[in-house]
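Asks: Okay, handing you the structure first.
The values are calculated or read from the model by the stated rules, or taken from the named source; none is laboratory data. These numbers come from a predicted model, not from an experiment. Cβ coordinates were reconstructed from backbone atoms using ideal geometry, including for glycine residues, and neighbour counts include every protein chain displayed. The area values use the complete protein model at the heavy-atom level, side chains included, leaving out ligands, DNA and RNA. Shrake-Rupley method; radii C 1.70, N 1.55, O 1.52, S 1.80 Å.
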Amino acid sequence: QVQLVESGGGLVQAGGSLRLSCTTSGRTLSVYSMAWFRQTPGKEREFVARMGKTRGPTGLIGYADSVKGRFTISRDNAQNMVYLQMNNLKPEDTAVYYCAARADPYSSTDSTSYDFWGQGTQVTVSS
């Protein structure tokens, strides 16, 4: 089983920035499509950003409308890391953020299509 490990969450004021990181030991994340999801109490897990291994019909990278222009997903294969750079944070971005991976070369916005998950990292944005 692939266990992803997330880091970088914390408390930040509205308008600030955070960078989340995701990695794993003993495997290379470059063979997987990756995504970030978030979840708040009482709500379903919500898609945030995706990045495929291969460019598909919907493109290599995609974002939820609510974060377009503010968040950026990226990879550093040499460091075996996946990142989510979050700029101009808003209180509505407050959630537990999860990293996810799947073997399909095309990334997806559907959380149920991902096979491997991290433990989550809390992001809190104050007004």
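Asks: Could you tell me which numbered condition Pro91 fails, if it satisfies all but one of (1) more than 19 Å from Arg27 (Cβ to Cβ); (2) modelled with pLDDT under 95?
Replies: (2)
Asks: Please identify the pairs in which a residue from segment 105-127 that is farther than 25 Å from Pro91 by Cα and open to solvent by less than 70 Å² (accessible area, probe 1.4 Å) has its Cβ atom under 8 Å from the Cβ atom of a residue that is of a type in the set (S, T, N, Q) and not in a loop (DSSP other than H, G, I, E, B), counting only partners at least 6 apart or on another chain.
Replies: Going by the 8 Å Cβ cut-off, the qualifying pairs are Pro105/Ser33; Ser107/Ser33; Ser108/Ser33.
Asks: Residues in segment 21-67 that are without any contact (Cβ under 8 Å) to a residue 60 or more places away in the chain and among the hydrophobic types (A, V, I, L, M, F, W, C): how many?
Replies: 7
Asks: Which residue, of Gly42, Gly69, is open to solvent by 60 Å² or more (accessible area, probe 1.4 Å), modelled with pLDDT of 95 or more and more than 18 Å from Tyr114 (Cα to Cα)?
Replies: Just a single option satisfies the conditions, and that option is Gly69.
Asks: Moving on to the next point. Gly26: open to solvent by 30 Å² or more (accessible area, probe 1.4 Å), within 17 Å of Leu4 (Cα to Cα) and at pLDDT below 95, yes or no?
Replies: Yes: the conditions hold for Gly26.
Asks: Among the residues in segment 102-118, are any aliphatic (A, V, I, L, M) and within 19 Å of Glu6 (Cβ to Cβ)?
Replies: Residues of segment 102-118 that are aliphatic (A, V, I, L, M), as a first pass: 103.
The next check asks that each one be within 19 Å of Glu6 (Cβ to Cβ); those that pass are none.
No, that holds for no residue.
Asks: Out of curiosity, is Ser107 more than 24 Å from Ser126 (Cβ to Cβ) and outside any helix (DSSP H, G or I)? If you could, list the steps in order and put the result at the bottom.
Replies: Numbers: more than 24 Å from Ser126 (Cβ to Cβ): yes; outside any helix (DSSP H, G or I): yes.
It is true that Ser107 is more than 24 Å from Ser126 (Cβ to Cβ) and outside any helix (DSSP H, G or I).
Asks: Quick check, is Val96 in contact (Cβ under 8 Å) with a residue 24 or more places away in the chain, outside any loop (DSSP other than H, G, I, E, B) and open to solvent by 30 Å² or more (accessible area, probe 1.4 Å)?
Replies: yes
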